[in-house]
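No lab work stands behind these numbers, since they all come straight from the coordinates. Values in this document were obtained by computation on a predicted structure and should not be read as measured data. For neighbour counting, all protein chains shown are included, and Cβ atoms are generated from backbone atoms with ideal geometry for every residue, glycine included.
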Amino acid sequence: MRVLTVLGTRPEAIKLAPVVRALEAAPGITSILCATGQHREMLDQALTCFALKPQYNLAIMRHDQTLSEATAAILDGVSAVLAAERPDWVLVQGDTTTTLAAALAAFHARVPVAHVEAGLRTGDTCTPWPEEMNRRLVTRLATLHFPPTAVAAAHLRAEGVAETAILVTGNTVIDALHALRARLDSDPVLGCALDARFGFLASSRRLLLATAHRRESLGGGLMRLCTALRLAAGRGDLEIAVPVHPNPAIAQTVHAMLAGVPHVHLLAPLDPLAFVHLLRRAHLVVTDSGGVVEEAAALGRPVLITREKTERSEAVKAGGARLVGTATGAILTAIERLLADEAAWAAMVRAPNPFGDGHAAARIVARLRSAEVPALPVREPAARSLRPATTRLRVAMPRPRR
Ligand code: UD1
Ligand code: UDP
């Protein structure tokens, strides 16, 4: 069985790393890895951290590109890889442009799609945008669905997906987190090096770790968050660490509003090991990231979700996360309450992790191995393989920088 895994962004690399490893170790499976390069430095950090070496890197990222341009480039590039490799399955994760375009390319090539982290829904196609629509469309395109939780599986059933095509696996981010935690715990030199690297974070002050990148928050929502962080920093009893997403629309706002504010530390995107190190140190996490909510819940770090809606309702229900919206006052109040109320903070720390047991990748690969490859009658003519328009297709890294 030939399985082509396609990934393009930092969270896809982190969440698919355990699956790719399990595919590589599975007898009878040939694993082929294609990076679309939707992200560049952030993807490289994650690939390096998990020692993943894609056979293909389409290097499609451009600084000013639109969603449609990225979609078109990925559709074109993945189609060429499909024509060259003729896999039995295409594996995608989550809800990014890479996920949607790769699933669509597979559908065009009549290759069945297996969808990791299927079934997440807010119920609102504008939030998150465009991810809620991406994942709904991928559900329609996929043959096998791997929801992380029972809640996600219920969403799929409600949309008419057959029970036999669904397997609840837990979220693969927990598998990845276990691997990172094991590395940090087994290597005291690494721990000391990371402590030294973050020596500027005074241990006498509580650490607030914040991230933000959602497109629907660009502009107003992001500015209101920055104002809340500036006011929280003004208390003087916190260290606020903010790894800044390289999207220029985010980086410019964050730097304009927070650079030079005492106790606020604007950092370049961290490699996953360093990020998990800080996450474990954090007293409190403020984020609009999906993966960070899942990791914080698994590590028992209280998390405030700065969004209007979340598809990670399991974390809110379990008690480890609170959905606080994007108003400055609401964010600041939630931060201050948790800093003041030791019992409320401790209850969040003790909340159970609803996202899995760290064996999601094994379940996914076992299900794939037992799956009959659906007979799909016709394939795209092979003549389209490696035609000139696919010059973006490059075998392995490194690739040219622009
Ligand atoms: C993407 C995903 C989002 C996911 C997020 C994880 C889509 C539509 N969005 O959002 O679902 O939660 O990744 O981080 O697929 N950039 C760099 N270097 C990098 C990465 C990004 O410079 O390594 C800059 C580029 O200017 C790029 C911009 O960030 O054009 C936006 O990147 P893009 O992948 O389009 O969207 P994200 O906001 O990162
Ligand atoms: N992460 C990282 N470095 C950072 C910030 C986040 O490695 O500086 C990791 C984090 O541990 C999580 C993932 O990136 O696994 C989340 O990705 P992101 O927030 O970009 O996207 P989302 O999960 O919202 O799709």
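With N counted as the residues of region 157-287, its alpha-carbon radius of gyration over 2.2 N^0.38 Å works out to 1.28. Dividing the C-alpha radius of gyration of region 308-379 by 2.2 N^0.38 Å, with N its residue count, gives 1.82.
How many angstrom lie between the Cα centre of region 22-38 and the Cα centre of region 133-199? Using only Cα atoms, the two centres lie 17 Å from each other. Cross-link partners for K309 among the lysines, with Cα-Cα distance under 20 Å and sequence neighbours closer than 8 places in the same chain left out: K317.
Taking only DSSP H segments of four or more residues, each worth -39500 (n - 2.57), what value at 222 nm results for the chain once the sum is divided by all its residues, to the nearest 500 deg cm²/dmol?
Numbers: 16 runs with 185 residues, N = 402.
-14000 deg cm²/dmol, from helical runs alone.
Compute the Cα gyration tensor for region 179-232, then decide on rounded, prolate or oblate, letting a ≥ b ≥ c be the square roots of its eigenvalues: rounded whenever a/c is under 1.5, prolate when a/b is larger than b/c in the other cases, and oblate in all that remain. Oblate, since a/c reaches 1.5 and b/c is not below a/b.
Considering the convex hull of the alpha carbon atoms of the chain, report its projected area averaged over all viewing directions, in nm², one decimal. List each step's numbers first, then the result.
Values: hull surface 76.1 nm².
Convex hull of Cα atoms, orientation-averaged projection: 19.0 nm².
Given Cα pairs under 8 Å that are at least 6 residues apart, what percent is the relative contact order of the chain?
Working: 777 pairs, mean separation 76.1, N = 402.
With pairs under 8 Å counted, the relative contact order is 19 percent.
Residue ranges 22-28, 237-243 sort as 237-243, 22-28 when ordered by packing (mean number of other C-beta atoms within 10 Å per residue, highest first).
The residue among V113, T71, A347 whose Cα reaches farthest toward the positive pole of the charge dipole of the chain, with charges on the beta-carbon of Lys, Arg, Asp and Glu, is T71.
By its C-alpha gyration tensor, with a ≥ b ≥ c as the square roots of the eigenvalues, how is region 1-136 shaped: rounded for a/c under 1.5, else prolate for a/b larger than b/c, else oblate? In terms of gyration-tensor shape, rounded.
Quickly rank 5-14, 278-287 as a protection proxy: mean count of other C-beta atoms within 10 Å, highest first.
Numbers: 5-14: 28.5, 278-287: 21.7.
The peptides rank, most packed first, as 5-14, 278-287.
Centre-to-centre, using Cα atoms only, region 52-79 and region 333-361 are separated by 37 Å. I'd like the orientation of helix 248-258 relative to the chain: the angle between its Cα long axis and the longest Cα principal axis, in ° from 0 to 90, rounded to 10. Computed tilt is about 10 degrees.
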